[in-house]
1. Looking only at the range 11-36, which residues are at pLDDT below 95 and more than 22 Å from residue 105 (Cβ to Cβ)?
2. Go through the range 100-145 and give me each residue that's within 13 Å of residue 82 (Cα to Cα) and modelled with pLDDT of 95 or more.
3. Would you please name the residue that is farthest from residue 148 (Cα to Cα), looking only at residues in the range 75-105 that are in contact with a helix residue (DSSP H, G or I) (Cβ under 8 Å, 6 or more places away or on another chain) and free of Cβ contacts under 8 Å to residues at least 60 places away in the same chain?
4. Scan the range 37-90 residue by residue and report those that are within 19 Å of residue 107 (Cβ to Cβ) and of a type in the set (Asp, Glu).
5. Among the listed residues 99, 109, which satisfies the condition of being over 16 Å from residue 51 (Cβ atoms) and of a type outside the set (Gly, Ala, Ser)?
6. Looking at (1) more than 19 Å from residue 55 (Cα to Cα); (2) in the same structural domain as residue 51 (by TED's automatic domain parsing); (3) surrounded by 12 or more Cβ atoms within 10 Å (Cβ to Cβ), which one does residue 71 not meet, given that it meets all the others?
Amino acid sequence: MLRPAVFLAGLLAGCAGFSGAGLKPGVATEAEVEKAMGPSAERRQVAGETVLFYSRLPAGREMYAARFGADGRLIAIEQRLTRENAQMLVARQSTREDVRNLFGPPFRVDDYPRLARQVWLYPMHEGAVRYTLNVDFTADGRVYEVKLYDEVDPDN
């Protein structure tokens, strides 16, 4: 009878590490974050900070950014795939680099050579509502358009 309880406790502990819950800013190191969250999908230098991206795409629909200061200590862990972050992108001004620094690596990249466009896709959610964030780029690497597509459940 004890086995289901042990399994459930292990499962819940795994979920906590999945988002970095329990890691303390100002205390946790990169090594501790990697141990808790697994290997990062990408490492970037952004505004004097080291940012490690942890992708939970596509099923988890989350991209966590673990931010570290020059001392190698954790500043914060943030879920970056949000509507508010998508609204920070500015057409004809934001670049691929800006998008990558904000959201991390895309889940999928689609090229449209006839239109001279590239689209980066990021599955995301707000509560139970599932979306796909599409960021369209022009040939010069500038954001052309940012769109959020509501994924309609065909059974409803």
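1. 11, 12, 13, 14, 15, 16, 21, 22
2. Correct list: 102, 103, 104, 122, 123, 124, 132, 133, 134.
3. This residue is 77.
4. Result: 42, 62, 78.
5. It is 109.
6. (3)
The values are calculated or read from the model by the stated rules, or taken from the named source; none is laboratory data. Keep in mind that this is a model prediction, so the values were computed, not measured. Here Cβ is always computed from backbone atoms with ideal geometry, including for glycine, and neighbour counts include all displayed protein chains.
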